[in-house]
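The structure appears below as structure tokens.
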Amino acid sequence: MAVQFESINITSVPAERYIMISVPANLSNASINGVVGDELGEADPKVWRSFKWINGAYQENAGNLAIGSAVWLISKEGASINADNGYSTAFLSEKTINLSNGWNQVGNPYNFPFHLVDSQVHLSATVEQKLYQYSDGEYYESPLGRMEPGSGYWIYSSGSGTIKINPMFGMLNSSSKQLASKTTIGWKATIEVVAGSQKDGVTTFGLHPEASNDYDQQDFHEPPVIGEYITAYFNHPEAGSLSQDIRAENQDLYKWPLVIRTNQRGMAEISIPDIYEIPSYLEVKLYDPISRIVYDMRDEPSIFFTSQGTENPHYFDLLVGSANDIQDQLDEMGIIPTSVSYTHLRAHETLRYL
């Protein structure tokens, strides 16, 4: 049964850092100001700001914290956020979170955690089976799609979709399912990019026996950026910006068009920290069309490029295949492979412009 309350603690908001929040309850006043106004005061962009992703763009002070919804919040001062006057979601009741086409900011409607892999959760066919959460300037994949009360998450739907949660069904059925991203694959590796204190470490590529080169259940979109950022994604001709692009195991040469954007000025770093996951008989090269340099990623632990902080995209081609197939591709492009070492630069050092 639902429990009525006068006040419950939602989360702690750090000073001057973005956090995505939700409320695991039905509130009598679910407006943004109604939830955070007591602690942070009336909406004032010099004190605190909130953002909601609507129709493919952020809108300030828009949306609300109705059950299942989430918003970005940033505050000049740290605070503990409480919600007043509402009632919790009844444990025995099924809840449906409606999703619009594209990215959705969602929250847990219950005051206990659950996972998207749990048997009591059903996603419509349009919904990508991956949740992204944000902390200290970096996105993470939520393990097994875990949703904590009070936190907010990104989830993508290619059309209108739903997340249906029925806790009672989970008690009656102990079976579990697996997220598409967790199934056994031929191999998968990660592109990691760093600029200043910002990092993107959720960009993955690889091969899967059940994948196609088209957009399918093995592929996932890149979440929208917020604040100071660096982001890396693959430019897919059908789906657009993908944080994970898994291909079919039927080619001699694979080419992933890699795009990196950042609003950070200085030196940006690219690495493949788990390159050992790629079979050793395959070469891994990264081509920079601006410098016309081909980097051997097995020899170079990191490569660097200079960013002006303008958010203009930096384009690269990631090539994976046999030495002969990659060389044939480079010959067609008129490129002479060059090895450039940046070992004199440490990973944490950046070049700043005065």
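The values are calculated or read from the model by the stated rules, or taken from the named source; none is laboratory data. The structure presented is a predicted model; accordingly, all values stated were derived computationally and were not measured. Here the Cβ is made from the backbone with ideal geometry for all residues, glycine too, and neighbour counts use every protein chain on show. In case anyone asks, the SASA skips ligands and DNA or RNA and just uses the protein heavy atoms, side chains included. Shrake-Rupley method; radii C 1.70, N 1.55, O 1.52, S 1.80 Å.
Within the range 31-47, take every residue that is of a type in the set (A, V, I, L, M, F, W, C) and assigned to a loop (DSSP other than H, G, I, E, B) and give me the one that is surrounded by the fewest Cβ atoms within 10 Å (Cβ to Cβ).
VAL47
Go through (1) at positive phi; (2) assigned to a loop (DSSP other than H, G, I, E, B); (3) of a type outside the set (D, E, K, R) and name the single condition ALA125 misses.
Unmet condition: (1).
Would the range 63-85 turn up any residue that is open to solvent by less than 20 Å² (accessible area, probe 1.4 Å) and in a loop (DSSP other than H, G, I, E, B)?
Taking every residue of the range 63-85 in turn, at least one turns out to be open to solvent by less than 20 Å² (accessible area, probe 1.4 Å) and in a loop (DSSP other than H, G, I, E, B).
Give LYS255, LYS285 a once-over and let me know the one that is in a strand (DSSP E or B), open to solvent by 10 Å² or more (accessible area, probe 1.4 Å), in contact (Cβ under 8 Å) with a residue 60 or more places away in the chain and of a type in the set (D, E, K, R).
LYS255
Which one of these does SER50 not meet: (1) closer than 17 Å to PRO14 by Cα; (2) in a loop (DSSP other than H, G, I, E, B)?
(2)
Restrict the check to the range 258-280 and report whether at least one residue is modelled with pLDDT under 95, not in a strand (DSSP E or B) and not small (Gly, Ala, Ser).
Checking the range 258-280: not a single residue is modelled with pLDDT under 95, not in a strand (DSSP E or B) and not small (Gly, Ala, Ser).
For the range 6-30, what are the residues that are of a type outside the set (Lys, Arg), open to solvent by 20 Å² or more (accessible area, probe 1.4 Å) and either out of contact with any strand residue (DSSP E or B) (no Cβ under 6 Å at 6 or more places or on another chain) or farther than 19 Å from THR89 by Cβ (or both)?
Selection gives GLU6, SER12, PRO14, ALA15, GLU16, TYR18, ILE19, ASN29.
Could you figure out which of (1) over 21 Å from the mean Cα position of the chain (by Cα); (2) surrounded by 13 or more Cβ atoms within 10 Å (Cβ to Cβ) isn't true of ASP299?
It fails just one condition, (2).
Any idea which residue in the range 102-114 is nearest to SER22 (Cα to Cα), counting only those that are over 17 Å from the mean Cα position of the chain (by Cα) and surrounded by fewer than 18 Cβ atoms within 10 Å (Cβ to Cβ)?
So, considering only residues that are over 17 Å from the mean Cα position of the chain (by Cα) and surrounded by fewer than 18 Cβ atoms within 10 Å (Cβ to Cβ), the one nearest to SER22 (Cα to Cα) is ASN111.
Please go through the range 303-316 and pick out each residue that is buried (at least 19 other Cβ atoms within 10 Å of the Cβ) and either free of Cβ contacts under 8 Å to residues at least 60 places away in the same chain or outside any strand (DSSP E or B) (or both).
Start the filter on the range 303-316 by keeping residues that are buried (at least 19 other Cβ atoms within 10 Å of the Cβ), which leaves 303-304, 307, 314, 316.
Residues satisfying the conditions are ILE303, PHE304, HIS314, PHE316.
Can you tell me how many residues within the range 203-223 are buried (at least 20 other Cβ atoms within 10 Å of the Cβ), in a loop (DSSP other than H, G, I, E, B) and under 17 Å from the mean Cα position of the chain (by Cα)?
Qualifying residue count, the range 203-223: 4.
Answer yes or no: is there a residue in the range 189-202 that is in contact (Cβ under 8 Å) with a residue 12 or more places away in the chain, outside any strand (DSSP E or B) and open to solvent by less than 20 Å² (accessible area, probe 1.4 Å).
no
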